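Values quoted throughout were computed directly from the atomic coordinates according to the rules given, and no laboratory measurement underlies them. Note that the structure is predicted; figures quoted are calculated from it, not measured. Here the Cβ positions follow ideal geometry from the backbone for every residue, glycine too, while neighbour counts run over all protein chains shown.
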Amino acid sequence: MNVSETSITMLYQQCDNFARQYIASMKEGFEKRLEYIRKLMEYNGQTVSDEVFDSVNFSFNVARPVDNAADMENMQIQYNCGAISKQTIIDRSPYTTDTALELKRIEDESKANGDSEEETDDPLEIVTSTKTEEVIIDDKAD
């Protein structure tokens, strides 16, 4: 973790605490609403088993700004040293969501360009930008 990432974490720590409080309040409200919905369904002749009712869960995502350039640079250095694979880089990249699809696209581009299957010295184009990272806060207060 570098200095800027640590600073961002410290800066948003209070926001995360507020988010936890709001999440607890919202969960409580959602659970009450579910109980009312269950009662209304029973009035209409539709029963909901305890197993189904208890299986409903809520997950909340909190977004905070993150600088991904340093992580991408570090992954490229590790790749160039042979310490990690392309797949690991794609798995951890904030710019891709489907690793298998991305690997297939890379293979197709390689074939279309007439390149061999050999690895190149610079397989990644490092993109310097800031995006938001989703932080899942799930309080298990049960």
Residues with amide H under 5 Å of VAL62's amide H, sequence separation 5 or more or different chain, H placed in the peptide plane at 1.01 Å from N; which? VAL135, ILE136, ILE137
Here the averaged projected area of region 1-115, based on the convex hull of its alpha-carbon atoms and given in nm², is 12.6 nm²
For THR99, what charge total do you get from the other residues with a beta carbon under 12 Å from its beta carbon, if Lys and Arg give +1 and Asp and Glu give -1? +1
I'd like the per residue volume of the convex hull spanned by the Cα atoms of region 1-66, given in cubic angstrom. 93 Å³
Mark the label point 7 Å from the Cα of LYS111 along Cα→Cβ and return the residues of region 80-102 whose backbone N is within less than 17 Å of it. 100-102
